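Worksheet for the structure shown next.
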Amino acid sequence: TTEEEILSNRHGSPAYTRFLQGLGRLVHLKNQKDVYTGGLDTYNDEDGKYTYAWWNDIIQVLYHVTTLMPNRSYDRQYAHKKKHVGNDYVRIVWNDSGQPYRFDTLRTEFQFANVVIEPHSAGVIGAYTNALHDHEYFKVSCQRATGMPEFGPVGEFKIISAESLPAYVREVSLLADFFAPVWVHTHRDTRKSEYVTNWRSRLQTVKRLRAALAAVSQPTEDLNEDPAADLTVQEKARDFTRVY
């Protein structure tokens, strides 16, 4: 299977669709303001009308789902899709081709971890359902860049039920997405260097802002004595760019 064949897909199997529904929530991209959209177009449906996202009280995750992105007749290399998935440190690969998925199938500079899902055993018809896919099991493996150590619970592979598959893959991919930037920042674990997370970076910004505001917000002893000076202090306090 080639890169172009994979990126040209506009749909998947019923099991693939069920997996996406469990992985996150379907969100409308156009004029989307409430959910992080991961660089996808939110004005003209250039990257499709919908995608999947997941969030809780702490984080938001946006999935670049290539089957939901439109194909363009003039773009036979599918560069408009690859510009998104090609910049992702971690990729979730649904492989029901029957062939092994090569780590370098998608050729990109950011090639660090693939969470690969493959059908393992066919389901059986339950007593109260005719849905064969309700009882399928899948093989989940994690491919890593050369030299990258194991960082999660997958090991060689895990066999996961269809019901548990979305949550398991989401947690593994989140762990991989946290580990990969640290590994890159430390030059593939060859140099000791502190990695500043987004959370800590925001905290540092808040502290700088608070210190800057405290420095410029000293009130005058008598506002009526020099109102122009007090206005200058207020103007400095409103200029948030001074903290960067």
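Below is a table of values for the structure above.
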| quantity | calculated |
| --- | --- |
| Every pair of residues 6+ apart whose Cβ atoms lie under 9 Å, when the first sits in segment 19-30 and is touching a residue at least 24 places away in the same chain (Cβ under 8 Å) and over 17 Å from H135 (Cα atoms) while the second is among the charged types (D, E, K, R) and open to solvent by 10 Å² or more (accessible area, probe 1.4 Å) | L23/R170; G24/R170; V27/D34 |
| Complete set of residues in segment 180-197 that are open to solvent by 50 Å² or more (accessible area, probe 1.4 Å), touching a residue at least 24 places away in the same chain (Cβ under 8 Å) and in a helix (DSSP H, G or I) | V184 |
| Candidate set from segment 31-43 (those that are free of Cβ contacts under 8 Å to residues at least 40 places away in the same chain and open to solvent by less than 60 Å² (accessible area, probe 1.4 Å)); member that is farthest from H80 (Cα to Cα) | V35 |
| Condition check for A53: of a type in the set (A, V, I, L, M), out of contact with any Ser or Thr (no Cβ under 9 Å at 6 or more places or on another chain) and open to solvent by less than 90 Å² (accessible area, probe 1.4 Å) | no |
| Scope segment 31-75; condition over 27 Å from E4 (Cα atoms), assigned to a loop (DSSP other than H, G, I, E, B) and of a type outside the set (D, E); matching residues | N31, Q32, K33, V35, Y36, N56, I58, I59 |
| Scan of segment 169-179 for residues that are surrounded by fewer than 19 Cβ atoms within 10 Å (Cβ to Cβ) and either closer than 19 Å to S121 by Cβ or free of Cβ contacts under 8 Å to residues at least 24 places away in the same chain (or both), ordered by number | E171, F178 |
| Failed item in (1) β-branched (V, I, T); (2) touching a residue at least 12 places away in the same chain (Cβ under 8 Å); (3) loosely packed, with under 14 Cβ neighbours inside 10 Å; (4) within 26 Å of D104 (Cα to Cα), with T205 passing the rest | (4) |
| Candidate set: segment 5-28, residues that are open to solvent by 70 Å² or more (accessible area, probe 1.4 Å), at pLDDT below 95 and part of a helix (DSSP H, G or I); chosen: the one farthest from W54 (Cα to Cα) | E5 |
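The values are calculated or read from the model by the stated rules, or taken from the named source; none is laboratory data. This structure is a prediction, so every number in the text was calculated from the model and none was measured. All Cβ positions, glycine included, derive from the backbone under ideal geometry; neighbour counts span all protein chains shown. To get the accessible areas, we keep the full protein, side chains included, count just its heavy atoms, and leave off ligands, DNA and RNA. Shrake-Rupley method; radii C 1.70, N 1.55, O 1.52, S 1.80 Å.
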